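The values are calculated or read from the model by the stated rules, or taken from the named source; none is laboratory data. Note that this is a predicted model, so its numbers are computed, not measured. When we count neighbours, we look across all protein chains shown, and the Cβ atoms used for this are built from the backbone with ideal geometry, even at glycine. Surface accessibility is based on the protein's heavy atoms, side chains included, excluding ligands, DNA and RNA. Shrake-Rupley method; radii C 1.70, N 1.55, O 1.52, S 1.80 Å.
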Amino acid sequence: MAVSDSPLQSEAETRRTLATRLNGWVQSIPIAYWVVGAIMLLMPLIANDFFLYQIFGWAFILGMIALSLMFLAGYGGMVSLAQMSIAALGGYMVAILGDSGATSISLGWPWWLNVPVAILVAAIFATLIGALAVRTEGIYTIMITLAFAAAFFYFTRQNYTIFNGYSGFGDVVPPRLFGVNWRDAIPFYYLTLGCATICYLAVIYVSRAPFGLALQGIRDNPRRMAALGFNVVAHRITAYTFAAVIAAIGGILLVWQNAQIAPGTAGLPAVIDILVIAIVGGIARPIGPFIGAFIYVLLRTFSPDVLQALSMAGDRYKLLIGLGFLVVVYWSPDGVLGLWDRWRARRRRRDPLVDKPEAS
Amino acid sequence: MNDLIRRNPVWTVVIALAAAVLLYFIVAPWSSGMEEVLGRKQIFLNAVFNGVTLGALYFLVASGFTLIFGLMKNVNLAHGSLYLLGGYLGYEVSEATGSWLFSFVVVFIAVALLGVVLQYTVFRRMEGEDLRQTLVTIGISIVLADIMLWLWGGSSYQILSPDWLRGPVELPLVAAVRGDDIYFLRYPSVRIAILVASIVLGILMWLALNRTRIGMLIRAGVDDRDMLAASGVRVQIIFMVVFAFGAGLAGVAGIVGGTFQSVVAGEDMRFLLASLVVVIVGGMGSILGAALGAVLIGLAEQLGSVYAPTYSVVFTFLIMAAVLAFRPQGLMGR
């Protein structure tokens with residue numbers, strides 16, 4: 001009897017352990033995450049189309065591109081200003097390989113082919129940039145990637161055979177999948193939310209995987225890691241490749257959102273905006289870029305109105321963004337996240353009995 | 001130099017040959033067969049001279065950048081903004097006083113003072129924090145660019161050169177042979193004057209660095225800042241002087257650029273990039289490297305825009321990528 005009994009029992013047992021494991025996994029995630037997740041999922045109930053499409057959609061996209069910079073800078077110690085160019089290359093590839101207004105150039109491949117190929121091309125491009133950029137360190141990396149970003153901008157502006165020069169590509173729309181128009185506000189919101197969540201989780205996963213840990217080790221002490229037998233250069237270049245995949249996804253979504261791409265998409269102001277977003281949000285943790293992107297999009301969208309209400313010229317929003325960036329890097333180099341951490345640390349140091357700061 | 005030749009005999013020969021061929025193309029009158037293959041000599045000569053004079057302008061901007069970087073190890077990404085500010089101020093001063101040369105003095109002092117303020121308020125407070133300095137200077141350049149756009153708008157300004165520099169000069173170089181007539185190259189005299197001025201300035205800078213006491217202190221600071229400070233030299237004052245000089249040079253370059261091109265919003269980024277590429281190619285902290293890099297990049301840009309207009313920018317960055325791949329410290333870097 002025992003022989004026929006045991007499979008059933010073990011099956012029940014696995015089911016029970018699976019349930020407890022799932023339960024434990026659910027409980028291991030802080031309640032704040034569930035709240036934020038629920039709010040994000042239910043956002044279409046409270047926000048109007050403009051907010052869903054222009055504010056949240058754009059913030060998620062910029063957040064993804066800045067996330068790729070955060071991955072390189074925060075975990076790899078390499079500040080790359082070429083991430084916007086990589087994202088734009090992804091977007092360009094979708095326009096060139098898929099359908100666009102420039103019918104003489106676009107190849108009209110189906111979406112399931114052109115999207116992966118676009119990401120692949122962006123990843124290869126980033127790997128090449130990375131292979132050159134990792135020969136340098138610190139500020140040199142910033143300068144060299146900035147130079148590459150500028151080269152990309154000027155090249156796309158001058159090249160008419162592939163990149164269609166100054167005018168770029170119009171009418172680049174997402175495919176009609178499952179009969180849904182993905183450029184409608186609510187589907188686009190869920191599309192960007194989904195992609196952003198996947199990228200965010202991927203970055204967290206990689207940062208805890210052996211590769212990410214080794215990368216952080218290399219950031220802290222490359223010589224020691226090399227002595228331990230890790231291939232420092234290969235890890236760094238791979239980090240560029242991984243970051244490029246995230247940036248390319250963001251770039252493709254950006255093209256779909258605007259329905260067009262032109263050299264200005266990866267112009268120097270845009271390149272620097274990505275750096276501003278990542279730094280203002282904080283490059284210590286993957287959530288930082290999204291916070292930074294949200295602040296940036298809000299400022300960018302509403303500061304003209306606010307400035308006009310204060311009877312100033314509405315186009316001075318750049319000054320506002322620049323000053324805000326200056327204030328953040330001058331007084332809080334680790335961004336808004338750093339401010340939050342310090343505020344919490346100060347809260348925690350209060351004596352719980354008398355509610356006064358501890359004398360330490 | 002001799003040491004360099006002894007170590008790389010093959011490369012020396014290759015470079016000497018290339019220079020000789022270039023010189024031959026410039027000096028010798030072209031036969032009709034050559035003109036059929038390469039286009040008219042006039043165009044080639046103009047491209048070469050435009051390239052060299054553009055290189056002179058790049059040198060003016062980049063030498064301050066490379067000096068500041070070499071000494072203080074800080075990357076001033078607001079350097080392009082100083083250039084643009086110099087251009088606008090130069091336009092205002094030369095319009096108000098009618099004197100082109102006087103505007104150089106005013107702009108040099110004004111932009112140098114701004115440099116001192118930057119050094120005192122920003123760089124001195126974050127010494128050794130590369131990334132933060134870089135980010136702060138990016139912030140400053142965003143703010144300055146927008147303030148300048150506010151004050152001067154988006155239209156372009158042309159700084160007029162004085163009468164005695166207007167019009168072309170005839171250079172003793174054969175531009176074309178048509179039958180029995182020999183045409184010599186006619187080239188804008190203001191560009192020639194600027195080229196000569198930058199060469200003189202470059203030589204003066206080299207002399208100042210290598211033959212004077214302050215130059216000795218600066219070179220010592222480049223090599224070992226802490227040891228220099230420990231031996232009783234007031235390093236902060238040297239930093240201030242060098243920063244002021246580099247900033248003033250960028251401002252003066254703004255006038256030069258405004259005279260033979262124009263002053264317009266967006267030039268700040270263009271010249272920041274140009275100086276970045278020049279110092280990456282030439283090697284950080286080396287005046288000679290800045291000169292070499294500037295001429296190379298200027299020539300590549302102008303020759304490229306004449307013979308391969310679509311890819312002229314790519315040449316510049318190909319040079320940079322090649323230098324990075326084979327000699328990451330730059331051509332003259334150590």
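If the condition is being open to solvent by less than 40 Å² (accessible area, probe 1.4 Å) and either over 30 Å from A:Thr141 (Cβ atoms) or of a type in the set (Phe, Trp, Tyr) (or both), then segment B:135-161 contributes B:Trp152, B:Gly153, B:Ile159, B:Ser161.
So that you can scan it fast, the table gives a plain yes or no per residue for (1) free of Cβ contacts under 8 Å to residues at least 12 places away in the same chain; (2) touching a Gly at 6+ places or on another chain (Cβ under 8 Å); (3) within 20 Å of B:Ala294 (Cα to Cα):
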{"site": "B:Ile182", "(1), (2), (3)": "no, no, no"}
{"site": "B:Arg186", "(1), (2), (3)": "no, no, no"}
{"site": "B:Ala193", "(1), (2), (3)": "no, no, yes"}
{"site": "B:Val200", "(1), (2), (3)": "yes, no, yes"}
{"site": "B:Arg211", "(1), (2), (3)": "yes, no, no"}
{"site": "B:Arg219", "(1), (2), (3)": "yes, no, no"}
{"site": "B:Met227", "(1), (2), (3)": "yes, no, no"}
{"site": "B:Gln236", "(1), (2), (3)": "no, no, no"}
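Close contacts from segment B:136-160, counting a first residue that is facing another protein chain (nearest Cβ under 7 Å) and part of a helix (DSSP H, G or I) and a second that is surrounded by 14 or more Cβ atoms within 10 Å (Cβ to Cβ) and of a type in the set (Lys, Arg), with Cβ to Cβ under 6 Å and a gap of 6+ residues or different chains, come to B:Asp146/A:Lys318.
Selection of first residues in segment B:307-330 that are under 19 Å from A:Tyr166 (Cβ atoms) and at the interface with chain A (Cβ under 10 Å from one of its Cβ atoms) and of second residues that are in a loop (DSSP other than H, G, I, E, B) and not charged (D, E, K, R), restricted to Cβ pairs under 9 Å at least 6 apart or on distinct chains, gives the following pairs, ordered by first then second residue: B:Thr310/A:Asn159; B:Thr310/A:Tyr160; B:Thr310/A:Thr161; B:Tyr311/A:Asn159; B:Val314/A:Asn159; B:Val314/B:Ala308. Scanning segment B:23-40 for residues that are touching a residue at least 24 places away in the same chain (Cβ under 8 Å) and either loosely packed, with under 10 Cβ neighbours inside 10 Å or within 18 Å of B:Val295 (Cβ to Cβ) (or both) returns B:Ile26, B:Val27. If I filter segment A:108-124 for residues that are open to solvent by 20 Å² or more (accessible area, probe 1.4 Å), touching a strand residue (DSSP E or B) at 6+ places or on another chain (Cβ under 8 Å) and not in a loop (DSSP other than H, G, I, E, B), do I get at least one hit? Yes.
Among the residues examined, A:Ala309 does not qualify as crowded, with 22+ Cβ neighbours inside 10 Å and more than 14 Å from every other protein chain (Cβ to nearest Cβ).
Among the residues of segment A:212-237, those identified as out of contact with any helix residue (DSSP H, G or I) (no Cβ under 7 Å at 6 or more places or on another chain), part of a helix (DSSP H, G or I) and within 20 Å of A:Ile283 (Cβ to Cβ) are A:Leu213, A:Asp220. Applying the criterion of being under 21 Å from the mean Cα position of the chain (by Cα) and among the aromatic types (Phe, Trp, Tyr) to the residues of segment A:324-345, the residue that is nearest to the other protein chains (Cβ to nearest Cβ) is A:Phe325.
Sub-8 Å Cβ pairs linking a first residue in segment A:281-292 that is buried (at least 24 other Cβ atoms within 10 Å of the Cβ) to a second residue that is in a loop (DSSP other than H, G, I, E, B), at least 6 apart or interchain, are A:Gly282/A:Asp334; A:Ile283/A:Asp334; A:Gly288/A:Gly282; A:Pro289/A:Ile283; A:Gly292/A:Gly282, ordered by first then second residue.
Checking A:Leu320, A:Leu254, A:Leu275 one by one, the residue that is in contact (Cβ under 8 Å) with a residue 60 or more places away in the chain, facing another protein chain (nearest Cβ under 10 Å) and in a helix (DSSP H, G or I) is A:Leu275 and no other. Within segment B:41-54, residues that are farther than 17 Å from B:Ala28 by Cβ have Cβ atoms under 8 Å from residues that are among the aromatic types (Phe, Trp, Tyr) in these pairs: B:Thr53/B:Phe260, counting only partners at least 6 apart in sequence or on another chain.
Put simply, of A:Arg176, A:Arg157, A:Arg219 the only residue that is more than 14 Å from chain B (Cβ to nearest Cβ) and among the basic types (Lys, Arg) is A:Arg176. Under the condition of being buried (at least 24 other Cβ atoms within 10 Å of the Cβ) and over 30 Å from A:Met78 (Cβ atoms), the residues counted in segment A:143-182 number 3.
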